[in-house]
Structures are given as structure tokens and as C-alpha cells.
Amino acid sequence: MGLIYLDNNATTRVAPEVAEAMMPMLGDTYGNPSSLHVAGQAARHAIEEARANVAAMIGAEPREIVFTSGGTEADNLALTGTLSAHAKMRHVVTTAVEHSAVIEPARRLERQGYRVTYVGVDAQGHLDLAALEAALDDDTAIVSVMHANNETGVLFPIERIAERTAARRIPLHVDAVQTAGKLAIDVRRVPISLITLSAHKIHGPKGVGALFIRRGTRIRGQIVGGHQERDVRPGTENVAGIVGFGAAAELAMRFGVDSWAKVAALRDRLEAGILDRCRNASVNGDRSMRIPNTTNISFEALEAEAILIALSEAGVCASSGSACSSGSLEPSHVLKAMGIDDRVAHGAIRFSLSRYTTPPEIDEALVRIPAVIDRLAELAPARV
Ligand code: PLP
């Protein structure tokens, strides 16, 4: 067996059906979707078909979908676009464990004089809902929370959060990059104003995403120069990417959220096998409130970077939440917010499966991973 790819929260392989749907856009369907002639209208038609599929994935109307260059842009647009539209309101509520695509814009807003509340989590990664509610005030322009954490997979109760924000008429933005297509999200039922989506986490192409903007939500585009995407995101559309996103959404819906139980069973087998066979292994985050494809496992007293390199050499792709800064590995801000000891956080590895992960791959991973961990533990006996 060759490479075992267990890094699907970083990105996924493009599904063959997606690549096939994109090919005409790189060939004969090359018109500018804003052009009135037949070549342009063919591209326009392809975009609108894709928009309908992406919208259907979350129960939205097609006109509520604005395509962007990815999840990062959609997150930025949600925050800064909302604040631009509510000029007098100066407070943002988010969480301490968001993806950098939310955390970094929030920090920049703070530098610009906005007030930002970062609501904390407990040791299991659960949001402090009471603290979130207490943070809301008349000056709060937006609440931005992720649906599932990209590092641990732990879910936030977006329905309960939406009840509270809707009661105060505060727009709620949900970063659903890791959950769309995996869990049911229905905007007809849950009063969320804005949702971030990204194609490459659901077997679509990289560099394309979307922001769901509920009808009536006040938001202002952050770039100017054209009228595409209802003026909110001008610029000639990434036609091939958008068509690929639409095909990926359609495939995800066809697979169905119920089928993820099979992926969860494989993830659970991987997790149980690692805990059984590896010394000093422990799971980070609540195991009962997670997306079905993710497990975050710490190998105490080992360094994530060394583990990842050794795993890669052994043909297993995984990842860590750590960022390498000035030569030293900083523990992930997510694990830090959960109060996890540095010795444990430094050795945290995220394994994330896809709907294409097979049982034989998990069997083989359970041979390769313990062998790597054993070897590293022997190399650093004094530290174990
Ligand atoms: N939000 C979350 C939760 C993510 O996991 C990611 C990607 O890792 C992003 C946003 C950014 O999405 P993109 O890579 O499409 O910019």
C-alpha cells in the first residue's frame, strides 16, 4: 500500500467527477459570464447551476450565495463587511479557538479600535455559552463562531447560539468550512445570517469558497471594481473553480450526511487502535461531540514536528495544529485555550479521514503509526 492520506481537514483530493465537470470550463466554455453573447451566457449558466447546488447543501436560496476565493476570504468578508455596514457598532464576539481566517481579522479590528471578545472553551473544547451570552451588548455588530473546530473536530452548538443572537437581532456568522457536506445545516430552520464554505474541504478545487448571506442581512463588499456577485464580491468569476465547487456540493449531497457514520466508525477504529498500541497517547477534545472524520491525539513528551516527519517517511500524511515560529514549535492556540498542558499539546497530531478512506488503509495506518511512535519514544527515552 502506498501513501495513506489522513489530512483531509487540511485539504481533500479533487473527486474525479469534479475534475470532469471543470474540464469544459478550461476548454470550450471560456466566455466571460458577464458577456451577453452565447459564449458568455454558457459560462453564466454553468455558474448559476453551481450556485444552486452550493445553496442546496445548506438549504439556502441560490441568490444568498456569494462566491469568493475560499474560506479565508469569506471569513474576512463576513467580519469586515458586516462592520462596514454597521458603522456605529464597535464590538465583535468570537471564540478563542477560531481558525486564523477569523482570529487574524479580529486582531486587526482590535488594532483599529474595535472591541473584540474571545469567548473561551473548557478542557473538552466546549464553548462557554453563558460567557458568550453575557458578552452580547447593544454595541455588538456580529458574533462569529465556527461550527466544528478544524483541529479537534469538536462541535459548537450553533442552534443554541443562533437562538441567543436572533433574540437580540445580532447577525451570527458561522464558519462551516469543516462541517458543510458532513453534517446537516439548514438555514431555513436556524437563524444564521452568514455562513462560510470552502470547496477544497469537500473534494472540490482549491481557491474557491462562498459566503451565504441571508436575504436582508446588511453587508458591504470589501473590494470595488465591478458588479459581479451582487456587488458584494466584484471581479470576473473563477468559472472553473465555481463549477467544481458546485459538482463537489452535489456529490456531497448524494453521499448524504448519514453515510458519514461509516467514516466515523473508521475514525473510531483508528483512534481506539492508536490508544491501545501507543504509549502515552490521549485524545484531545470531547469524543462524543465531534465531526465524524477527525481525531486529535497527543503523544505526550514527543514533538509533533518530529512525529509528522517520521509519519510522512512511513507513508502516513497527518498534521498538527502547531505553527512553527522562530524555530520553536508553539503549541496550538486551540489546545492552549482548552488548558492542555504544554507537554501534551506539543505532541498533538490530527488525523482526518475522508469519505474515500478505506478499512484496509486504517488497518495499515494502525501498523505504521505505532511503529513510528515506538521508535521516537525509544530515541527520547529520558523524556517519556
Ligand atoms: N475556516 C476553517 C475552519 C478552516 O479549517 C479553513 C481551512 O483550513 C478555513 C477557514 C480557510 O479556508 P480556505 O483554505 O478555503 O481559505
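The values are calculated or read from the model by the stated rules, or taken from the named source; none is laboratory data. Note that the structure is predicted; figures quoted are calculated from it, not measured. Positions of Cβ are generated from backbone atoms using ideal geometry, with glycine treated the same way; all protein chains shown enter the neighbour counts. Side chains are part of the model used for accessible areas, which takes the heavy atoms of the whole protein and leaves out ligands, DNA and RNA. Shrake-Rupley method; radii C 1.70, N 1.55, O 1.52, S 1.80 Å.
A few points about this structure:
- Test: residue in segment 74-88 that is at pLDDT 95 or above, open to solvent by less than 10 Å² (accessible area, probe 1.4 Å) and closer than 13 Å to Asp139 by Cβ: yes
- Within segment 327-341, residues that are closer than 17 Å to Asp286 by Cβ sit with their Cβ atoms under 7 Å from residues that are at pLDDT below 85, at 6+ positions apart or across chains, in these pairs: Ser332/Gly321; Ser332/Ser322; Val334/Gly321; Leu335/Gly321.
- In the set Thr179, Thr152, Thr236, only one residue is open to solvent by 20 Å² or more (accessible area, probe 1.4 Å), of a type in the set (Ser, Thr, Tyr) and modelled with pLDDT of 95 or more; that residue is Thr236.
- Filter pass, Arg51 being assigned to a helix (DSSP H, G or I) and either open to solvent by 50 Å² or more (accessible area, probe 1.4 Å) or not assigned by TED's automatic domain parsing to the domain that holds Met146 (or both): no
- The set of residues in segment 54-73 being open to solvent by less than 40 Å² (accessible area, probe 1.4 Å), assigned to a helix (DSSP H, G or I) and away from the ligand (no atom under 16 Å from the Cβ) consists of Ala55, Glu64.
- Hits in segment 162-198 - residues which are in contact with a Leu (Cβ under 8 Å, 6 or more places away or on another chain), assigned to a loop (DSSP other than H, G, I, E, B) and within 14 Å of the ligand (Cβ to nearest atom): Ala176, Val177, Thr179
- Qualifying residue in segment 218-229 (condition: open to solvent by 10 Å² or more (accessible area, probe 1.4 Å), part of a loop (DSSP other than H, G, I, E, B) and outside the structural domain of Asn32 (by TED's automatic domain parsing)): no
- Of the residues making up segment 1-20, just one is within 16 Å of the ligand (Cβ to nearest atom), open to solvent by 30 Å² or more (accessible area, probe 1.4 Å), farther than 16 Å from Gly244 by Cα and not hydrophobic (A, V, I, L, M, F, W, C), namely Tyr5.
- Enumeration of residues in segment 30-48 that are over 32 Å from the mean Cα position of the chain (by Cα) and part of a helix (DSSP H, G or I): Val38, Ala39, Gly40, Gln41
- Residues located in segment 120-149, provided they are more than 20 Å from Pro292 (Cα to Cα), hydrophobic (A, V, I, L, M, F, W, C) and buried (at least 24 other Cβ atoms within 10 Å of the Cβ): Ile142, Val143
- Test: Met23 is open to solvent by 10 Å² or more (accessible area, probe 1.4 Å) and away from the ligand (no atom under 16 Å from the Cβ): yes
- Residues of segment 199-217 that turn out to be more than 16 Å from the ligand (Cβ to nearest atom) and within 12 Å of Leu77 (Cα to Cα), as a count: 1
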